[in-house]
Amino acid sequence: MRVISFFCILCSYCLLISCASQTAPPQDMIADMDPVPVMSLSGEFDKFLAIGIDQKDISLIFHPRTNEVSLDFTYETIKYRLFWKQRVREQFIASVNQYDADYTAHILIQKSSKTRSVYGKAASGLEWRTFSFSRNRSSPVVTFGYTFKNETPYYTVTLEEGKNDIAGNGDSQFNSRRFRIYFTRAQAASLADALNQESLAALTGNGAPKIPDPHQDVY
C-alpha cells in the first residue's frame, strides 16, 4: 500500500513539474508565427545640429505572438524599434482622425507648447542599438499632437526620455533620448490605415475579409 501511495505521489509531482515547465501562450497572441512585414513609409526627423527636418524610411513590422507593431528606423546612426500594442494603435488612429478634422476646419494653432500632446499620450516599448553588440530597452511615454515647421503643419509623435531597463550591457547606462517624428497629413493617414487591426490580422490568415457571394445581395 505504501509503495502504491508513493508511486501516486511521484506521478502527481512529475505531472505538476511538467505543467509548470510549459510556457503559456501570450495573452494577446494573434497567431503563433514569426513577425510579418507590413509596409514601408516615410517620416520626418529633426536634423542633427541643424535647423530643419530630414525624411527617413520607417518599416512597419507586425508581431503576431504579442499583437504588437514595431516602427523600425535609424536616426542619428542609432537603430530604433518602437513597439505599439493594440490599444496604442487605436489611440493613434483616433488622434490622426481628429487631427485631420482640425486641419480641415482650419483650427490648428501655432503654439507647440500647447499642441505637442493635444491628442493624448500613451505608454510604448522602445529598443535601440548604438553598436551591433549593444541592446537597450525602455518604456517611454509617447505623445500625439502637432506642430508647425516653416508655416507648415505636421502631425507629431513625440517620444519622451525613458529609463533604460537593461543594465550592464555596453552603453546601457544611457536612457533613451527625447525626440520627435513628424508626419504630413498623407503620411499620418497612410500609417493609420496600416495599423488597422483587421488588416493586421489578415496578414496572419486570421480575420481575412470574406469574399462576397455574387449571387447574394447584402443590404
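Derivation of every value follows stated rules applied to the coordinates shown; laboratory data play no part. Note that the structure is a prediction, hence the values are computed from the model and not measured. Every residue, glycine among them, receives a Cβ derived from its backbone with ideal geometry; neighbour counts consider all protein chains shown.
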Task: Prolate/oblate/rounded label for the range 37-97 (Cα gyration tensor, a/c 1.5) - done: prolate
- [ ] Would you list, by chain and number, the lysines whose Cα falls below 26 Å from the Cα of K149, excluding same-chain residues fewer than 8 positions away?
- [x] K47, K56, K79, K111, K114, K121
TODO: Take every Cα pair under 8 Å in the range 120-164 that's 6+ residues apart, average their separations, divide by the length, and report that relative contact order as a whole percent.
DONE: 35
- [ ] Quick one: compute the contact order of the range 36-202, relative version, from alpha carbon pairs under 8 angstrom and 6+ residues apart, as a percent.
- [x] 19
TODO: Please report the base-10 log of the normalised intensity I(q)/I(0) for the range 25-173, using a Debye sum with one equal scatterer per alpha carbon and no solvent, at each q in 0.09 (1/Å).
DONE: -0.33
- [ ] Would you list which aspartates and glutamates come within 12 Å of K163, measuring only between C-alpha atoms, while excluding same-chain residues fewer than 8 positions from it?
- [x] E127
- [ ] Give me the number: length gained by fully extending V36 to T184, i.e. 0.36 nm times residue separation minus the C-alpha to C-alpha distance, one decimal in nm.
- [x] 50.7 nm
- [ ] Arrange the following residues from fewest to most other Cβ atoms within 10 Å of their Cβ: E198, E151.
- [x] E151, E198
- [ ] At 7 Å along the Cα-to-beta-carbon direction for both I51 and S113, put a label point, then send me their distance in nm to one decimal.
- [x] 2.0
